[in-house]
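The values are calculated or read from the model by the stated rules, or taken from the named source; none is laboratory data. Bear in mind that the values here come from a model prediction, so they are computed numbers and not experimental data. All Cβ positions, even for glycine, are placed from backbone atoms using ideal geometry, and neighbour counts span all protein chains on display.
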Amino acid sequence: MRFGIGCPPKESGQSAEAIAQTVQRAEDCGFNEAWVGDSQGIWHDLYVSITLCAVRTRRIRLGVGVTNLITRHPAVTARAMATLDEVSGGRALLGFGAGDTALKHLGLKPSSLKDMEEGILLIRGLLAGEDGQYQGNTIPRFTGFQPRKVPIYLACYGPKMLELAGRVTDGVNVPTGISPELIQYALGRIESGRRANARWQARINMTGARYQKEFKKWTRSGYRPIHVDSYQRKGKIRYAALWKKSKGFKYTAYHGKTANSHQKSFEKLTRRGYAPVNVSSVVVQGRRRVTALYEKKNVGGFHLKSEMTLKQYNAFFKQYNKRGFKLVYLNGFNRGSKPRLSGIWYKKVPYSSYWAKHYLNRAGYQREYNSLTKRGYLTRVVTGYQHRGHRLEGIWYK
């Protein structure tokens, strides 16, 4: 169990120094979290105050409790929270509400349920290094930005807002009191939202027909594909895919195309401004079949190589790396007994540092995975093929 403390004006006094001292005492007393509010009419500036708390403490988590989407645009909040998380060493928490005194003092109305969901999803995407959408506008990803994991909470008590919290946030501040009946009611609404709208959907071992059915089902439900894959199992092509509940770039995908048909589609789509995200190949009965996903976005230029030998891959990796392109995707497969790789390089990427590890056995991959994740790197791609045993390729970034 974790214990948190709020720092309202009466307890912390009307100075940033008093707020910092309160949070220091909370840390000394063993509290896990301290929350500082955002209301310009009754409080000192939130981010100045909470940054002072960050430099005065070492352990306690620091929560914005709570801000809104009106007085601060969600993109501004996302960048501020990323900076706070950096300064505090990963201790930031973000709390949202529809808007109370901060809006009343300005004669403004609280955010709608739709805007709350869209704003929270935008912040999640920006913190992950992605572009997003808000109120009909495309919000570009941050430049020179290292993705941050900042938990998001929603302060609410109405049934629809509780369900929204279950769908899109990591936690809920429920001011309904401690009555067991009220707590049970809130938990039920939160769970209902969580079940109705899981953020991710993943499917594996699908036939082409099943893949098409699942693809239509989830995209019609507001999910977008973020990864598609094809592989061979017992001489048959099987598909795997991952969908995310979010808005983003316009996309298109296809599966099981011949190499020639894929090439024609690739040329047509790239002329229209699409960039390849995944290009997965599998060879069955000597014929290569291609499954691909594209997004309409500016990546500053890209290179796609669809069927490289291991030697060619090493040469292209060095060549493109020298020219400022970063590897964003790899797919391993076999043509008979010979290993092949499909790779994509982008000029513009939403991360500052990455590692690509090549031709690893299982033990070697595990060592690299352990080492890189301990250093804060996230796994972007893992793929494999057969060549003198099972071999693995991986890409990590931060």
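Going by what's in this entry, would VAL381 be described as of a type outside the set (Phe, Trp, Tyr), part of a loop (DSSP other than H, G, I, E, B) and within 21 Å of VAL228 (Cβ to Cβ)?
no
Within the range 105-113, does at least one residue satisfy the condition of being crowded, with 20+ Cβ neighbours inside 10 Å, modelled with pLDDT under 95 and hydrophobic (A, V, I, L, M, F, W, C)?
no
I need the full set of residues from the range 338-364 which are touching a helix residue (DSSP H, G or I) at 6+ places or on another chain (Cβ under 8 Å) and of a type in the set (Lys, Arg), in order please.
Matches in the range 338-364: LYS357 only.
Kindly indicate whether any position in the range 72-92 is part of a strand (DSSP E or B) and either touching an Asp or Glu at 6+ places or on another chain (Cβ under 7 Å) or at pLDDT 95 or above (or both).
Within the range 72-92, one or more residues are part of a strand (DSSP E or B) and either touching an Asp or Glu at 6+ places or on another chain (Cβ under 7 Å) or at pLDDT 95 or above (or both).
Does TRP218 satisfy the criteria of being touching a strand residue (DSSP E or B) at 6+ places or on another chain (Cβ under 8 Å), surrounded by 13 or more Cβ atoms within 10 Å (Cβ to Cβ) and not hydroxyl-bearing (Ser, Thr, Tyr)?
Considered against the rule, which asks whether it is touching a strand residue (DSSP E or B) at 6+ places or on another chain (Cβ under 8 Å), surrounded by 13 or more Cβ atoms within 10 Å (Cβ to Cβ) and not hydroxyl-bearing (Ser, Thr, Tyr), TRP218 comes out as yes.
State the number of residues belonging to the range 385-398 that are buried (at least 20 other Cβ atoms within 10 Å of the Cβ) and either assigned by TED's automatic domain parsing to the domain that holds VAL283 or not basic (Lys, Arg) (or both).
Total satisfying the criteria: 6.
Here's the yes/no breakdown for (1) modelled with pLDDT of 95 or more; (2) at negative phi:
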site: ARG189; (1), (2): no, yes
site: ALA196; (1), (2): no, yes
site: ALA202; (1), (2): no, yes
site: MET206; (1), (2): yes, yes
site: LYS216; (1), (2): no, yes
site: SER221; (1), (2): no, yes
site: GLN232; (1), (2): no, yes
site: GLY235; (1), (2): no, no
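Search the range 182-214 for residues being assigned to a loop (DSSP other than H, G, I, E, B) and more than 10 Å from GLU163 (Cβ to Cβ), and hand back the single one that is nearest to the chain's Cα centre (by Cα).
Going through the qualifying residues, I end up with ARG199.
Is it the case, given these coordinates, that SER49 is polar (S, T, N, Q) and either over 23 Å from LEU113 (Cα atoms) or free of Cβ contacts under 8 Å to residues at least 24 places away in the same chain (or both)?
It is true that SER49 is polar (S, T, N, Q) and either over 23 Å from LEU113 (Cα atoms) or free of Cβ contacts under 8 Å to residues at least 24 places away in the same chain (or both).
Cβ-Cβ under 9 Å, sequence separation 6+ or interchain: first residue in the range 322-347 and in contact (Cβ under 8 Å) with a residue 12 or more places away in the chain and outside the structural domain of VAL290 (by TED's automatic domain parsing), partner assigned to a loop (DSSP other than H, G, I, E, B) and surrounded by 20 or more Cβ atoms within 10 Å (Cβ to Cβ). Which pairs?
So the pair list comes out as TRP345/PHE325; TYR346/PHE325; LYS347/PHE325.
Mind checking which pairs have a first residue in the range 130-147 that is farther than 17 Å from ILE226 by Cα and a second that is basic (Lys, Arg), Cβ under 7 Å, 6 or more apart or different chains?
PHE142/ARG79; GLN146/LYS398
Looking at VAL290 and the list (1) among the hydrophobic types (A, V, I, L, M, F, W, C); (2) over 28 Å from PHE215 (Cβ atoms); (3) touching a residue at least 12 places away in the same chain (Cβ under 8 Å), which single condition is not satisfied?
For VAL290, the failing item is (2).
Could you tell me which of the residues LEU94, LEU106, LEU69, LEU121 is touching a Lys or Arg at 6+ places or on another chain (Cβ under 7 Å) and at negative phi?
On the way: LEU94 fails: touching a Lys or Arg at 6+ places or on another chain (Cβ under 7 Å); LEU106 fails: touching a Lys or Arg at 6+ places or on another chain (Cβ under 7 Å); LEU69 fails: touching a Lys or Arg at 6+ places or on another chain (Cβ under 7 Å).
Within the list LEU94, LEU106, LEU69, LEU121, the selection yields LEU121.
Tell me which residues, restricted to the range 123-140, are in contact with a Gly (Cβ under 8 Å, 6 or more places away or on another chain) and assigned to a loop (DSSP other than H, G, I, E, B).
The answer is GLU130, ASP131.
For residues that are over 26 Å from LYS149 (Cβ atoms) and at pLDDT 90 or above, scanning just the range 159-187, find the one that is surrounded by the fewest Cβ atoms within 10 Å (Cβ to Cβ).
That would be LYS160.
One line per residue, one yes/no per condition, for (1) within 23 Å of the chain's Cα centre (by Cα); (2) at pLDDT below 95; (3) buried (at least 17 other Cβ atoms within 10 Å of the Cβ); (4) not assigned by TED's automatic domain parsing to the domain that holds THR219:
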{"residue": "HIS255", "(1), (2), (3), (4)": "no, no, yes, no"}
{"residue": "THR258", "(1), (2), (3), (4)": "no, no, no, no"}
{"residue": "SER261", "(1), (2), (3), (4)": "no, no, no, no"}
{"residue": "LEU269", "(1), (2), (3), (4)": "no, no, yes, no"}
{"residue": "ARG272", "(1), (2), (3), (4)": "no, no, no, no"}
{"residue": "PRO276", "(1), (2), (3), (4)": "yes, no, yes, no"}
{"residue": "SER280", "(1), (2), (3), (4)": "yes, no, yes, no"}
{"residue": "VAL284", "(1), (2), (3), (4)": "no, yes, no, no"}
{"residue": "ARG288", "(1), (2), (3), (4)": "no, no, yes, no"}
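Quick check, is ALA26 crowded, with 16+ Cβ neighbours inside 10 Å and either touching a helix residue (DSSP H, G or I) at 6+ places or on another chain (Cβ under 9 Å) or basic (Lys, Arg) (or both)?
no
Listed residues TYR351, TYR313; which is surrounded by 13 or more Cβ atoms within 10 Å (Cβ to Cβ), part of a helix (DSSP H, G or I), touching a residue at least 40 places away in the same chain (Cβ under 8 Å) and not assigned by TED's automatic domain parsing to the domain that holds LYS236?
TYR313
Taking the range 329-348 only, how many residues are in contact with a Phe, Trp or Tyr (Cβ under 6 Å, 6 or more places away or on another chain) and outside any strand (DSSP E or B)?
Total satisfying the criteria: 1.
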